[in-house]
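Rule-based calculations on the coordinates, nothing more; no lab input. Everything quoted here is computed from the prediction, not taken from an experiment. Cβ sites come from the backbone with ideal geometry, for glycine too, and all protein chains shown count toward neighbours.
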Amino acid sequence: MSGATVAEMAEAPPDATRIAAEARDRVRFEEEALALSDQVFRVARHLAGSREEAEDLVQETYARAFRSWRSYQPGTNLRAWLLRILTNLNIDRGRRKQRAPQTTPLEANDYYLYDKLAESDGAATDEERVVERLSQDDIVTALAAVPHDFRDVIVLVDLGDFSYQDAASILDIPIGTVMSRLHRGRRILKRELADSVLEDVS
Amino acid sequence: MTQANQDPCAHCEEMMQPYLDHILTEAERVEAEHHLDDCDWCRRRYRFEESLRVYVRTTAVERMPPGLMEKLAQLRTTDPGPASV
């Protein structure tokens, strides 16, 4: 029950009051969603294969979000809610098909990348400098080469700062799967980075 | 898992990701740190992994293309009006 007085209710029929309140909620929802668009794009950029695809995906996501705003529960994580729409759209667009389902992706041990970088550098340098031998291009290309299932988790957790729990609900997979894909995905990413560095050298 | 007959550095490598994710048990964490105290070789690789994570996160960031925000605002179903806050 609203706290409207009898006088107010006489002025504005309950329906009109409810419609006005809903309109205000809707405006607020849209403003909150738009305020997150930069963060949504940053994650979308690496879930999608290219900047252009990411831009389309973000637009589709917002169009859908604005239409189905009523299914968002105020007070819950809006960024996660938007990313859930976005990953579903991304999968619907057939990105799932691009992955070869039964092949085992190449992963190396966790120390592999450091060993390769240090090896090709000769003199042992400090760890922070070693990392800088990787260019932005190396990183973007290596990320894109990680199979979709693994990449989604890395992008949400390591780039997007989502908790395991949020990533699990965005992707609709168990939390244990998030953790194992993250673990393997990072190894695949490092393997891809090592390969790109070795290519640069040769 | 029998750790006794496993190479301690290989075992430390296995613990690296969960260590940096803070999801090891207390006993495992102590075990990893005990090894790291004595092993410069593993310590370097842990530090590298930490730097790599930060580096990937910061390097992979691409800003929103110009004009996208406007396109998104046009998708709004409501008219925020001049007084919108």
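Quick notes on this structure:
- Leading residue at positive end of dipole, chain B (Cβ point charges), from B:THR58, B:MET15, B:ALA73: B:ALA73
- FRET efficiency for the pair A:ASN88 and A:THR177, taken as 1/(1 + (r/R0)^6) with r the Cβ-Cβ distance and R0 = 22 Å, rounds to 0.85.
- Remark: spin-label model distance B:ILE23-A:ASP126 equals 3.1 nm, labels positioned 7 Å along the Cα→Cβ axis.
- With the simple spin-label model, which puts each label point 7 Å out from Cα in the Cβ direction, the B:GLU62 to A:GLN39 separation comes to 2.1 nm.
- Residue of B:LEU75, B:LEU24, B:LEU36 that the Gaussian network model of chain B assigns the largest fluctuation, springs spanning Cα pairs under 10 Å: B:LEU75
- Length gained on full extension, A:ALA16 to A:ARG70, computed as 0.36 nm times the residue gap minus the Cα-Cα distance: 17.6 nm.
- Bins of 5 Å, starting at 0 and running to the largest distance - Cα pair percent for segment A:112-201: 3, 14, 23, 20, 15, 12, 9, 4, 1, 0
- Kirkwood Rh in Å, taken over chain B so that all alpha-carbon pairs contribute: 16.9 Å
- Taking B:GLU62, B:GLU14, B:GLU33 as the candidate residues, the one with maximal mean-square fluctuation in a Gaussian network model of chain B, Cα springs under 10 Å, is B:GLU62.
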